[in-house]
1. Please work out the FRET efficiency for the pair Asp193 and His136, using the Cβ-Cβ distance as r and a Förster radius of 30 Å; give the result to the nearest 0.05.
2. Under 13 Å from a point placed 7 Å out from the Cα of Asp120 along the Cα-to-Cβ direction: which residues of region 171-193 have their backbone N that close?
3. Between Arg81 and Lys46, take the C-beta separation as r, use R0 = 22 Å, and let me know the FRET efficiency to the nearest 0.05.
4. Could you sort out which of Lys10/Lys117; Lys10/Lys156; Lys87/Lys156; Lys27/Lys180 sit more than 32 Å apart by Cα distance in this structure?
5. Please arrange Trp138, Trp18 by counting, for each residue, the other beta carbons lying within 10 Å of its beta carbon, fewest first.
6. If we count other beta carbons within 10 Å of each Cβ, what is the order of Cys129, Cys137, fewest first?
7. Rounded to the nearest 20 debye, what is the charge dipole size of region 5-204 about its Cα centre when +1 sits on each Lys and Arg Cβ and -1 on each Asp and Glu Cβ?
8. Taking R0 as 25 Å, what's the FRET efficiency between Lys170 and Val146 from their Cβ-Cβ distance, rounded to 0.05?
Amino acid sequence: MKIQPQDKYKSLMSVIRWRFDHINTIKASGLDVFFSAETAAFHGRKIVEGIAFGCLVVLEQGIKNVPRDAEGQWNAETIFRSLQKKKLDAFPSPSLIRTPSEEEVRENGRLGATIEKKLDSVLSINEMCAIYNRVHCWAHEINPYVCANRLEFISKHGNALWSDLASLEKFIERHVISIKGEMFYCTLRCSSDGNTKVMSLSKTSQ
């Protein structure tokens, strides 16, 4: 049976949610500070790659093909730059679903729900690529000609790492995407049962 694009997208988001759960567990574990940060950075880099692959799923369904320079890629920055260069809009839009206000109902008539963009959670492609490159520095052994030891390394990069991971989670935890011209709302942790879900907004708005 053919896998539906929204199910393929949900599978990617479920893995991303699993990685965030592990990051939060590691951070609260009380383990060695450097080990915790290094492990969290590993998951952070893969989270950005998962977001990039999600963009490719959206594109494949929307324009029926994936840009040649992005197809088969694992490097998230290469994928994002390809989309940016070709002006292909497949980037998630951080959003939340809420009950419409009385004013919105008066202006627009009966609404099942209102989708509100979370402006404080938006990341641009340039910002996403910058985060991707910053977490990559944790993938290598510390060069003693750059940093004397782990303490110096974490003093230089630790705060930025945890800030970047928090920004990634705010960006992707609740967002809107378009698959084959249909809008979907994705939540990593549904408020009703805690599961990762991808829901059609055409049904929500009725």
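Throughout, read-outs are computed from the coordinates displayed, never taken from laboratory work. Treat the numbers as computed from the prediction; the structure is a model and nothing was measured. Cβ placement follows ideal geometry from the backbone for every residue including glycine, while neighbour counts extend to all protein chains displayed.
1. Working: r = 35 Å, r/R0 = 1.17.
The pair Asp193/His136 has a calculated efficiency of 0.30.
2. Answer for this model: 171.
3. Numbers: r = 19 Å, r/R0 = 0.85.
So the FRET efficiency works out to roughly 0.70.
4. On the way: Lys10/Lys117 20 Å; Lys10/Lys156 36 Å; Lys87/Lys156 35 Å; Lys27/Lys180 38 Å.
Too far apart for the 32 Å limit: Lys10/Lys156; Lys87/Lys156; Lys27/Lys180.
5. Details: Trp138 21, Trp18 14.
So the ranking, lowest neighbour count to highest, is Trp18, Trp138.
6. Numbers: Cys129 20, Cys137 15.
Exposure proxy ranking, most exposed first: Cys137, Cys129.
7. Working: 27 positive and 24 negative charges, 82 e Å.
That gives region 5-204 a dipole magnitude of about 400 debye.
8. Numbers: r = 31 Å, r/R0 = 1.23.
Rounded to the nearest 0.05, the efficiency is 0.25.
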